[in-house]
Amino acid sequence: MDVEKKLSDVLEDKNNKEKFLNKKYMMHKYWGKKPAKELKKIIREYSKEGDLLLDPFSGYGSFASEAILENRNVVANDLNPVSNFITECLLNEKIDIEKFQRYYELVQKKCEKTRKELYLYNSEWEIISTLRNKNGYIKKIKIKNKNKRENKEIKINFQEMIKLYEQEKKIKISEWYPNIKMIENSRISVKENTKIVDLFNKISLKAHANLYSEIEKLPDGIEKKMLLLAFSSNLANCSKLVPPIKSRGEMSQGAWMTGFYIGFEYIENNVYHYFENRVKKIISGKKEFLNQYYNLFPKGKYKITNMDAKKLEFEDNTFDLIFTDFPYGDTVPYFEQSVLWNAWLKYSVDYKNEIVISNSKIRNKTKEKFREDIEKAIKEIHRVLKLNKKFIFTYHSLSGFEWLSITNALQSTGFEIIDCELLQQKTFTPRQLNRNQTIKGDLVVVCRKIKNKKLKKLKNENKIYLEILNDIFQDNNKIYVTNDIFVRFLKKLFKMNIYLTNLNIISLLLEYAYPTVNGWRKK
């Protein structure tokens, strides 16, 4: 691809009718899934068939999936073991769907007795969801009649509430479950001595333990792993982490709280019922992947690795294209939040080498450590990438420090920053919708590995920043949105090829412009 060709031309294709996110990307609740069609375009424009690609922070494995289907060979690497597990389940083409369905039916049959003991309301009705207060008392239940396919909600009076609570206390759990401590971190509402079990009531803990024990009895293979994938994806939605959206109704469910926050009320779902839904989604997603895979020829090959991105075990100049979604610094502590999945899947996690800024007092994950670690990772990416080849990354943050750390590492390592554009999201979090000072999407940055580079050091950076803002805010009466400001600011900054010592875009904006409901107006 020519350097002059804009990244926006790659990302924008109005005639492309592909879905924003394919079904295969809805197989698990893991974060950071990127739109398939945009990944596909990047792969096509910046590499050719047969090339060797790398994603050093592969997460869900979305990039690797599209690379294979585009006949590129790819290495998907991540330090997080649950990420590698999900990627393997996503990419493995040898699964027998019929065997998977038989295994699922066998597990459900084995769990049938416990399911009835925990959720049967009467001979015809099953409890699907319960509305509980913070102390675990049931206030309302939603039941389903399988024969009539009818749902209804029932309020629980005080006497019934106490009775149900006492019955639940008597439940015995003989099966294994993870009883480990989580990392104390006020940022994600994990207090001292909080354990995984504290996220579940006794009914859901018993159901999960029962379901897990029956899956574990199955013969090893990809079909068993796929059931564990469905099981792990089901965990949070059948825990204490699902808040009700009262504006839509008492039993209307919101998204599960990734910060492990348990509200004054929460909705606890029927483990077996929702597991069934997860299995259906996985079958649908896997069929979609296999349909694409077996209708394409030739196809690429893949390898999944569990390396520290700061110490990649590859030869120099190995890869033709590197793409990644960088760790989000102080925004999303993925490792600490994925403890829910890793604990149930019995994975050991290398928290020491994670690149993150953490509020946890027991971890030495400061801003300075993030700067040091991200620089080491970028140096490794530069080392294993071929000369003049592209490194493309996405990032979502308004933190000037994080952008300064990444930008300086790129510049000093020997990358030429070519272009950047906003990769618009299809859906937004409540935080993004309700706050003006957030980016609605990921910034995509294209870099090229070059031989020599001389960086300019400036005495007065703020003067440069002011000149950039003056160039952006040309109309005093116009409202400028955060997305546009951010992209235009960084584009101009990247072209200057300078080493930065201080950068805080939001602070600059607050000094230069007035925040409004829809954006920013020049002072």
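The values are calculated or read from the model by the stated rules, or taken from the named source; none is laboratory data. Since this is a predicted model, take the numbers as computed values, not measurements. Note that each Cβ is placed from the backbone with ideal geometry, even for glycine, and that neighbours are counted across all protein chains shown. Accessible surface areas use protein heavy atoms only, side chains included; no ligands, DNA or RNA. Shrake-Rupley method; radii C 1.70, N 1.55, O 1.52, S 1.80 Å.
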Original post:
So which residues in the stretch 67-79 are within 13 Å of T324 (Cα to Cα) and either within 13 Å of the chain's Cα centre (by Cα) or not aliphatic (A, V, I, L, M) (or both)?
Top reply: N77, D78
**OP:** May I ask you to list the residues in the stretch 235-279 that are open to solvent by 10 Å² or more (accessible area, probe 1.4 Å), hydroxyl-bearing (S, T, Y) and not in a helix (DSSP H, G or I)?
**Re:** S252, T258, Y261
**OP:** Quick one: D308 ticks every box in (1) modelled with pLDDT under 95; (2) assigned to a loop (DSSP other than H, G, I, E, B); (3) not basic (K, R) except a single one, so which number is it?
**Re:** (1)
Subject >> Test result for L508, of a type outside the set (K, R), outside any loop (DSSP other than H, G, I, E, B), modelled with pLDDT under 90 and open to solvent by less than 60 Å² (accessible area, probe 1.4 Å) >> reply: yes
**OP:** Could you give me the residue pairs with C-beta distances under 8 Å whose first residue belongs to the stretch 194-220 and is modelled with pLDDT under 95, whose second residue is open to solvent by 20 Å² or more (accessible area, probe 1.4 Å) wherever it lies, and which are 6+ apart or on separate chains?
**Re:** none
Subject >> Any pair with Cβ under 8 angstrom, 6 or more apart, that starts in the stretch 135-153 at a residue that is closer than 21 Å to Y261 by Cβ and ends at one that is open to solvent by less than 60 Å² (accessible area, probe 1.4 Å) and of a type in the set (D, E, K, R) >> reply: G136/E168; I138/R132; K139/R132; K139/E265
Original post:
Name the residues in the stretch 67-119 that are farther than 25 Å from E38 by Cβ and of a type in the set (D, E), would you?
Top reply: D96, E98, E105, E112, E117
Original post:
Restricting attention to the stretch 182-190, does a residue exist that is on the phi < 0 side of the Ramachandran plot and over 26 Å from the mean Cα position of the chain (by Cα)?
Top reply: no
Original post:
How many residues, within the stretch 451-481, are more than 30 Å from V384 (Cα to Cα), open to solvent by 80 Å² or more (accessible area, probe 1.4 Å) and touching a strand residue (DSSP E or B) at 6+ places or on another chain (Cβ under 6 Å)?
Top reply: 1
Subject >> Enumeration of residues in the stretch 28-51 that are charged (D, E, K, R) and surrounded by fewer than 22 Cβ atoms within 10 Å (Cβ to Cβ) >> reply: K29, K33, K37, K40, K41, R44, E45, K48, E49, D51
**OP:** Quick one: I406 ticks every box in (1) buried (at least 17 other Cβ atoms within 10 Å of the Cβ); (2) part of a loop (DSSP other than H, G, I, E, B) except a single one, so which number is it?
**Re:** (2)
